[in-house]
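Only one structure is covered here, and it is reproduced in the block below.
The values are calculated or read from the model by the stated rules, or taken from the named source; none is laboratory data. For clarity, every value in this text was computed on a predicted model and none was experimentally measured. Using ideal geometry, Cβ is built from the backbone for each residue, glycine included, and neighbour counts are taken over all protein chains shown.
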Amino acid sequence: MANSRMLKGWRRYRSVPIIYRIGAAFVLGSLAGLTIGEPMLALQPLGDLFVRLLSMIVVPIVIFTLLMGVRHLTPSSLGRVGGQVVGLYVVTSAIAVGIGLAVANAINPGQGLTLVEAEIDTQQTPSFTEVFLGIVPENPINAMASGDILAVLFFVLVFGLALAMLQEESENARVQNGVETFFDVAEAGSEALFKIVWGIMEYGVLGVFVLMAAVFAEAGISALSTFALLAATLILGVALHISIVYLGAIIALLTQQSPISFLAGIKEAMVTALSIASSSATLPISMSNAEDNLRVDEGIYGFSLPLGATINMDGTGMYQGIVAVFAANLVGVSLTLTEQITVVTIAVLASIGTAGVPSAGLILLTLVLTQLGLPLEVVGFIAGIDPLLDRLRTMTNVTGDLAVTTLVAHWNGAVDFDDGVWASSESGPAGVPGDD
Ligand code: ASP
């Protein structure tokens, strides 16, 4: 009896679309963190488990999905798609930094605050030659083992293209079969991993609750009130960038689709990014949203999303611009136009060379501030609020990857706008794919 009641309760719980459950966990977790405070930190391992589960499947999902997508690509079509993806990533990032600077100049965060000495943990940002050479793995297995996404992408692309060429050219039936098997394994593997993604999301309800509780318990109201203006500047910048550039220009104007449908299609990825502050670990969810909801071909998203998680960081770039103005205000100087242009250049280039992991943007700041001759202590000063701001940056980064992916897929006839979230007038497919 009790058993059947429990089963019924569980069924009813599961019949609520996962995104609503995660959304509720997000809000309740944040409230629990603010009200209960420190004791919530004890639950942190339960939240870390969620991030670990997602991280566990990043490398395999990138490999399988890309391999499966490369099947229908030729080097020239890959070159075209690659050029469009990278071009759009750079342009949108530059616009984001510009918006960040404009909003910061208008709001002027940092005025009236006094810089307190704080410890800074500077880290060496890799040089551009290092980043460039790093794309080619010395040992592909090592790259996979260490989760070096750019290097994995490079190897899998080259290998996949060679397989596809072999399939066209070889007259040996065994080789033909072998190639076919590779692609079939990749297809089955990626489908299996997408199933795992949804299992992880089920756990994510608890994971997100705990992560949000921990972050608010740690940062708390005091950080929020001290840095309210800084946070407000970022929130405004992010809102403008998402609505003007992604929803307005990319989705409504260039892709001619409904921004609401787009948002409905990527909501799981956005909430996950907000909860875990890592675009790399959000990759499995972004890929799954691109596949199931946005109906983009894996030939495009299998390449553009992992690449975006590493090189495209509009939110992070924008943050560099905002903090540059913030730091200048703290010490009572103002940035010249040339300095602002320097910020755009460094922020775009530096965000390319940094992986999408928590606090990456904070480390990048040391580079931007050094270039401008502004005090590095600012980094330590704002470190308390960074875990909160990081989430907004990450959400913007992930949204940008998905917007650019949709546009490039549209340009290349690789998205089905009659299906998935585009076809339904409501807020997208309810529930979990494969749910019963
Ligand atoms: N956490 C961000 C990301 O993963 C990077 C940042 O710190 O801005 O995209």
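Given the condition free of Cβ contacts under 8 Å to residues at least 60 places away in the same chain, among the charged types (D, E, K, R) and within 25 Å of Gly400 (Cα to Cα), answer yes or no: does some residue in region 46-53 qualify? Yes, region 46-53 contains at least one residue that is free of Cβ contacts under 8 Å to residues at least 60 places away in the same chain, among the charged types (D, E, K, R) and within 25 Å of Gly400 (Cα to Cα).
Listed conditions (1) away from the ligand (no atom under 11 Å from the Cβ); (2) on the phi < 0 side of the Ramachandran plot are all met by Gly373, apart from (2).
In region 380-387, is there at least one residue being among the aliphatic types (A, V, I, L, M) and away from the ligand (no atom under 14 Å from the Cβ)? Checked region 380-387: no residue is among the aliphatic types (A, V, I, L, M) and away from the ligand (no atom under 14 Å from the Cβ). State all residues of region 161-194 that are within 20 Å of Leu54 (Cα to Cα) and hydroxyl-bearing (Ser, Thr, Tyr); if no residue qualifies, say none. Listed by number, the list holds a single entry, Ser190. If you check Gly237, Gly265, Gly220 for being within 16 Å of the ligand (Cβ to nearest atom) and either touching a residue at least 40 places away in the same chain (Cβ under 8 Å) or of a type in the set (A, V, I, L, M) (or both), only one passes: Gly237. If you go through region 336-362 and keep only what is among the hydroxyl-bearing types (Ser, Thr, Tyr) and either assigned to a loop (DSSP other than H, G, I, E, B) or surrounded by 24 or more Cβ atoms within 10 Å (Cβ to Cβ) (or both), you end up with Thr336, Ser351, Thr354, Ser359. Counting just the residues of region 370-412 that are farther than 24 Å from Thr74 by Cα and of a type in the set (Asp, Glu), which one comes out modelled with the lowest pLDDT? Per the stated criteria, the residue is Glu377.
Taking the residues in region 342-370 that are more than 16 Å from the chain's Cα centre (by Cα) and of a type outside the set (A, V, I, L, M, F, W, C) as candidates, determine which candidate is farthest from the ligand (Cβ to nearest atom). Among those that are more than 16 Å from the chain's Cα centre (by Cα) and of a type outside the set (A, V, I, L, M, F, W, C), it is Thr342.
Within region 279-302, the set of residues being away from the ligand (no atom under 16 Å from the Cβ) and hydroxyl-bearing (Ser, Thr, Tyr) comprises Ser288, Tyr301.
Taking the criterion of being at pLDDT 90 or above and crowded, with 17+ Cβ neighbours inside 10 Å, the residues of region 215-232 that qualify are Leu229, Leu230, Ala231.
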